[in-house]
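> Okay, here's the structure, questions in a sec.
The values are calculated or read from the model by the stated rules, or taken from the named source; none is laboratory data. None of the values given here were measured: they were computed from a predicted structure. Methodologically, a virtual Cβ is constructed for each residue, glycine included, from the backbone with ideal geometry; neighbour enumeration extends over all protein chains shown. With ligands, DNA and RNA removed, areas are computed over all heavy atoms of the protein, side chains included. Shrake-Rupley method; radii C 1.70, N 1.55, O 1.52, S 1.80 Å.
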Amino acid sequence: VPLYEIFAEDSYRFEWFLGPLLQRPLQVLDVGGQIGAFACRLAQLDPQASIAAYEPSPFTAGFLRRNVERNNLVRQVTVVEQALAASEGTARFDDNGSGSARKSLVSSRPGAPGTIAVETTTFDAVPAKAPLDVVKIDCEGGEYDLVYASSPESWASVQRLVIEYHPVQGQSWDELRGWFEKVGLTVQYKESGSVAWLSREPLVRIVK
C-alpha cells in the first residue's frame, strides 16, 4: 500500500509541497521510515537530498535497508534503527513483524505478544547533527510525545513538515497544530483523514 500511495498516487504531493526546495541539498528527517517508500521517492526526485530514515522495528528496517540498497540510494538515505520519543533510552514497541505500517510505541503493553524493546532518541538530538529542512512524521500516535518534548529551537531551520496524526487519548490535533504555529509552521493543506502539510511560508493553494 505505501508503494502504491507514494509512487502511483503521489500521496505526499512532493512537487507541490517542496516546490523550489527540490533540487537543493536538503536535510530531511523521516520519522517512521517503514519500508522506505517516502525516503526512496524523495531521493529520486532530489538527488542532492540527504535523508535520515528512523525505523525502530528490526524486521521492517531490514526491508528499508534492502530497498535503499537496491535502488542505489545508500549515499542519500541513512537508515537509523531507533524510535523518536520524548527521551533517549529504550521503550516497549508493538512489532507485529510483517513489515506493517501499524506499529507503535503508544499502544505497547509490557509482556504483550509481539512487544519488543527498541532504542529511542529525541527530536532535539537529530538537528544537532545538521539543521533540518524537511520533516515527515508518521509514527502511529508517537507524534505527540516526540514533538512536545522537543525544543522550539530545534525546529527553527525546518521549512516543511508533513505529518500523519492519530487518535490518542488525552491528545488532540488542534493542540498539536497550535504548537507548530508557535514555532512558525502553519497548515497549508489538510486531508479529510489525518494528514497535514505545514510550511514556514505560504504555499500556492492546492488544486484537488
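> How many of the residues making up region 1-46 are among the β-branched types (Val, Ile, Thr), in contact with a Lys or Arg (Cβ under 9 Å, 6 or more places away or on another chain) and either assigned to a helix (DSSP H, G or I) or open to solvent by 70 Å² or more (accessible area, probe 1.4 Å) (or both)?
1
> Return yes or no: is residue 112 surrounded by fewer than 16 Cβ atoms within 10 Å (Cβ to Cβ), hydrophobic (A, V, I, L, M, F, W, C) and either modelled with pLDDT under 95 or touching a Cys at 6+ places or on another chain (Cβ under 6 Å) (or both)?
yes
> Just wondering, is there one or more residues in region 168-175 that are open to solvent by 30 Å² or more (accessible area, probe 1.4 Å), in a helix (DSSP H, G or I) and either within 21 Å of residue 13 (Cβ to Cβ) or without any contact (Cβ under 8 Å) to a residue 12 or more places away in the chain (or both)?
Yes, that holds for at least one residue.
> Go through region 182-204 and count every residue that is open to solvent by 40 Å² or more (accessible area, probe 1.4 Å) and more than 19 Å from residue 18 (Cα to Cα).
Filtering region 182-204 for residues open to solvent by 40 Å² or more (accessible area, probe 1.4 Å) gives 182, 186-188, 190-193, 200-202, 204.
When the remaining residues are screened for being more than 19 Å from residue 18 (Cα to Cα), the result is 182, 192-193.
The qualifying residues number 3.
> Here's another thing I want to ask about it. Under 9 Å by Cβ, and 6 or more places apart or on different chains, what pairs join a residue from region 146-163 that is open to solvent by 40 Å² or more (accessible area, probe 1.4 Å) with one that is of a type in the set (Val, Ile, Thr) and not in a loop (DSSP other than H, G, I, E, B)?
Once the first residue is open to solvent by 40 Å² or more (accessible area, probe 1.4 Å) and sits in region 146-163, its partners that are of a type in the set (Val, Ile, Thr) and not in a loop (DSSP other than H, G, I, E, B) give 159/134.
> Turning to a different aspect of this structure: Tell me which residues, restricted to region 176-193, are farther than 16 Å from residue 138 by Cα and assigned to a loop (DSSP other than H, G, I, E, B).
Residues satisfying the conditions are 183, 184, 185, 192.
> Still on this model: (1) of a type outside the set (A, V, I, L, M); (2) at pLDDT below 95; (3) touching a Phe, Trp or Tyr at 6+ places or on another chain (Cβ under 7 Å); (4) within 22 Å of residue 165 (Cα to Cα): which one isn't true of residue 33, the others all being true?
(2)
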